[in-house]
Amino acid sequence: MKISLSLSGLLISLCLHSLTLHAQDTVRLAFSSNSDFRSKISRSGLMLEKTDQFAGIPDAVEWSVFVMNLQRQQSTYTNFKKGYYTEEQYQKIVNLYKHDTVNVYKGKDIKNALPVLSALFPDNRKLIIPDLNFNNDFGDDKVYEYRVTDFDAAFPIDSIETLKVDYDYYYGDKIYKRQLLFKISPTTQGSGFTDSKEKRLQVKFVTDESRSARVALGGIEYEFKIGLAWDVAADYGQARAVYVKDVQQDKIISYNPLLKLGKFFPLGEKQVKIDNVSYFGDSALLIVENAETATKGTRQGEQLPDSTQQVLHKVLNQKTDYTLIDFWGSWCGPCIKALPDLQKVHTKYKDNPNFQLVSVAYEQSRDLKALNNLVGKHNITWQNIVEYQPKQGEVYDYNRLVSHFSVEIFPTTVLLDKQGRIIYRDSGSDSFERLNEVLKRELGY
């Protein structure tokens, strides 16, 4: 399964709270779902090997049936029980994604995997038929026809009809009746399918599973949005995308590091966090505190936590008034692009005893040939610390500097003073103009 996220616009929310704030306030957020597909998730369907149980197949040049899983682990088991997956397919998926095969609904009478027929006809006609009544018969379902000449091209999402599926979701020994809006794209740009038949027939399921709510803080209206839930429109307590928009300015507020549920972040003159998100993303708690009660962290203007400073001081070769840390990797194109600008910073300040430059290479492999070649090519003579990305199944090492600084975007550059205060933090290869302005202000040249 391939998943991609596209955030190309802003959302309209339905719920607005207005607060008179005290030292700490807890406000219940009532999230609403979004159906404009501006924050879309795309999932490629899994082509079934067993299709003899399906009826209503048109007389096409070639065809296949794909399945849209509406619940990660449960759908895998249900597909196997219904005969959609072969034993080999089922075991491969279970082993690859470490699925729980015990705490699942054992019956066949659950509708949480949507079969979709994809068929090709002469004159570049492609027919898509979703089995929305889950009866394994495509003959009584609506047919959607497209003309496709380039199977690698993006298909305009606005031109695709929005569909609605009513399905079952098994959670906590109960079956919940759920509903999801989605689109089916006839092409799968960027999915990288090597099998020519699968590329031609493949379909992409597009959803907008984000949730949003509005709150007024200090007279300013903000919109909070969460997305990328762990499951399909479920398990929002593990949502990996959190955004805040200033509604009046119609602008998403930039944060570095990225926002996370359950973690405080500055907003206006307050520190806030979103916590206790309900499983299906209907509600959450917004915790609001005065800024002075939560000043430690890894954002610009914050003081590094003591634990982070301890780990940092153990690996630094020296102590100076200013420490510039560059998080990069030999696998990262933008990081390599930024190395000449980093070298200019080193050349300008290398003789200043109050300044040091430190790089942290976050490597995918313990074979450091590529890294060493870059170190030599770009004359990286300053301290370069190497950390390794965890392999699948490996216990995560939270003592990594990458973890302590919550680095998720590469390259990321952080400037610290001797008290451990973050003077500057930014990401991307185009951030050095801003960095040079800060260094000139702090160091005097």
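Read-outs: derived from the displayed coordinates by stated rules, not from any lab. This one's a predicted model, so the numbers in the text were calculated from it and none came from an experiment. Here the Cβ is made from the backbone with ideal geometry for all residues, glycine too, and neighbour counts use every protein chain on show.
Kirkwood analysis of the Cα pair distances in the chain returns a hydrodynamic radius of 25.0 Å. For Glu145 and Gln24, what is the calculated FRET efficiency with R₀ set at 51 Å and r taken between the beta-carbons, to the nearest 0.05? After rounding to 0.05, the efficiency reads 0.35.
With neighbour counts taken as other beta-carbon atoms within 10 Å, the residues Val315, Val206 rank, fewest first, as Val315, Val206. Among Lys40/Lys251; Lys263/Lys350; Lys40/Lys126; Lys350/Lys391, which pairs are too far apart, with a Cα-Cα distance over 27 Å? With Cα atoms farther than 27 Å apart: Lys263/Lys350; Lys350/Lys391.
For the chain, modelled as a GNM whose springs connect Cα atoms under 10 angstrom apart, the maximal fluctuation among Gly376, Gly83, Gly329 occurs at Gly376.
Taking all Cα pairs closer than 8 Å and separated by 6 or more residues, the relative contact order of segment 306-443 comes to 32 percent. In order along segment 74-87, phi translates into HN-Hα couplings of 4, 4, 4, 5, 4, 4, 5, 5, 7, x, 6, 9, 6, 4 Hz, rounded to whole numbers, per the Karplus curve 6.51 cos²θ - 1.76 cosθ + 1.60 with θ = phi - 60° and x for Gly and Pro. Note on the chain: with a GNM built from Cα contacts shorter than 10 Å, the maximum mean-square fluctuation among Gln392, Gln202, Gln383 falls on Gln392.
Counting DSSP beta bridges in the chain, what percent are antiparallel, to the nearest 5?
Of those bridges, close to 85 percent are antiparallel.
Under 5 Å from the amide H of Val386 lie the amide H atoms of Ala361, each residue being 5 or more positions distant or on a separate chain, with H modelled from the backbone and absent for Pro and chain starts. For the residues Val148, Val27, Val61, a GNM of the chain with alpha-carbon springs under 10 Å puts the largest fluctuation on Val61. For a straight C-alpha distance cut-off of 20 angstrom, the aspartates and glutamates reachable from Lys197 (same-chain residues fewer than eight places away being disregarded) are Glu49, Asp52, Asp59, Glu62, Asp123, Glu145, Asp150, Asp152. Taking other Cβ atoms within 10 Å as a rough exposure proxy, Tyr349, Tyr362 sort from fewest to most as Tyr349, Tyr362. Counted residue by residue at 0.36 nm each, then reduced by the alpha carbon distance between them, the extension gain from Glu442 to Asp282 reaches 53.0 nm. Here segment 306-443 carries DSSP beta bridges of which approximately 45% are antiparallel, counting only pairs with both residues inside. Across the chain, C-alpha contacts under 8 Å between residues 6 or more apart give a mean separation that, scaled by the residue count, equals a relative contact order of 14 percent. For Lys348, the lysines whose Cα comes closer than 17 Å to its Cα, not counting residues fewer than 8 places off in the same chain, are Lys440. Distances between placed amide hydrogens fall under 5 Å for Phe31 paired with Ser283, Ala284, all partners being 5 or more residues away or on another chain.
Let me check against my output: what whole-number percent is the relative contact order of segment 202-344, with C-alpha pairs under 8 Å and at least 6 apart?
13 percent
Just to confirm a number: summing +1 for Lys and Arg and -1 for Asp and Glu over residues other than Asp246 whose beta-carbon lies under 10 angstrom from that of Asp246, what do you get? List each step's numbers first, then the result.
Numbers: positive: Lys245, Lys251; negative: Glu221, Glu223, Asp250.
Every neighbour counted, the sum reads -1.
For segment 203-208, 3J(HN,Hα) computed residue by residue from phi via the Karplus equation (6.51, -1.76, 1.60; θ = phi - 60°) reads 10, 10, 8, 10, 10, 10 Hz, glycine and proline entered as x.
In order along segment 45-55, the Karplus-derived 3J(HN,Hα) couplings, from 6.51 cos²θ - 1.76 cosθ + 1.60 at θ = phi - 60°, round to x, 9, 6, 7, 8, 9, 10, 5, 7, 9, 10 Hz, and Gly and Pro are given as x.
In terms of surrounding Cβ atoms within a 10 Å radius of their Cβ, Val407, Val395 rank from fewest to most as Val395, Val407.
Shape of segment 291-445 from the C-alpha gyration tensor: oblate (a/c of 1.5 or more and a/b not above b/c, with a ≥ b ≥ c the square roots of its eigenvalues). Cβ-Cβ distance of Asp306 and Lys106, R₀ of 45 Å, FRET efficiency by 1/(1 + (r/R0)^6): the value works out to about 0.35. The separation of segment 48-64 from segment 306-345, counted between C-alpha centres, amounts to 56 Å. Around the amide H of Glu221, modelled in the peptide plane, lie the amide H atoms of Val247, Gln248, all under 5 Å away and 5 or more residues distant in sequence or on another chain. Mean residue ellipticity at 222 nm, helices only, the chain: -5000 deg cm²/dmol; runs of at least 4 DSSP H residues each add -39,500 (n - 2.57), and the sum is divided by the number of residues.
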